[in-house]
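Please read the structure below before turning to the comments.
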Amino acid sequence: MTAYLCPRCKTNRSRFNKLEQKVTSVKMDPETGEVVSVMEEGAMDPFHMEYKGPEYRIQCATCGEIGDEETFVQFARSHPRG
């Protein structure tokens, strides 16, 4: 585990929410928006790209800012407590 610092409020170093991103790939009817099918991982059709984003995102529990974990880590490294 490494230290976080919120890049928005620049004060919070201790209260965060770790948001798990659970991906469900779906094919939708373009007219109605109804889900036509749910696609299994590894069984996508040729025109459906699989999600390649982060598994987790971080939310500052002080101001509500949400971002990639690496953003909070890098901000903490570039602003050491001193």
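Read the figures in this text as sums done on the coordinates, not as results from a lab. The shown structure was predicted, so the numbers you read here are calculated from the model rather than taken from an experiment. Please note: Cβ atoms are built from the backbone with ideal geometry, for glycine as well, and neighbour counts cover all protein chains shown.
Tabulated data
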| item | result |
| --- | --- |
| Every pair of residues 6+ apart whose Cβ atoms lie under 7 Å, when the first sits in the range 13-42 and is surrounded by 10 or more Cβ atoms within 10 Å (Cβ to Cβ) while the second is assigned to a loop (DSSP other than H, G, I, E, B) and small (G, A, S) | R13/A3; R15/A61; F16/A61; N17/A61; Q21/G53 |
| Qualifying positions in the range 43-74 - without any contact (Cβ under 8 Å) to a residue 60 or more places away in the chain and among the aromatic types (F, W, Y) | F47, Y51, Y56 |
| Qualifying residue in the range 28-40 (condition: in contact with a strand residue (DSSP E or B) (Cβ under 7 Å, 6 or more places away or on another chain) and either within 30 Å of S78 (Cβ to Cβ) or charged (D, E, K, R) (or both)) | yes |
| Unmet criterion (only one of (1) within 28 Å of G67 (Cα to Cα); (2) exposed (fewer than 13 other Cβ atoms within 10 Å of the Cβ); (3) in contact (Cβ under 8 Å) with a residue 12 or more places away in the chain) for C6 | (2) |
| Which numbered condition A43 fails, given (1) outside any strand (DSSP E or B); (2) under 30 Å from R81 (Cα atoms); (3) among the small types (G, A, S) | (2) |
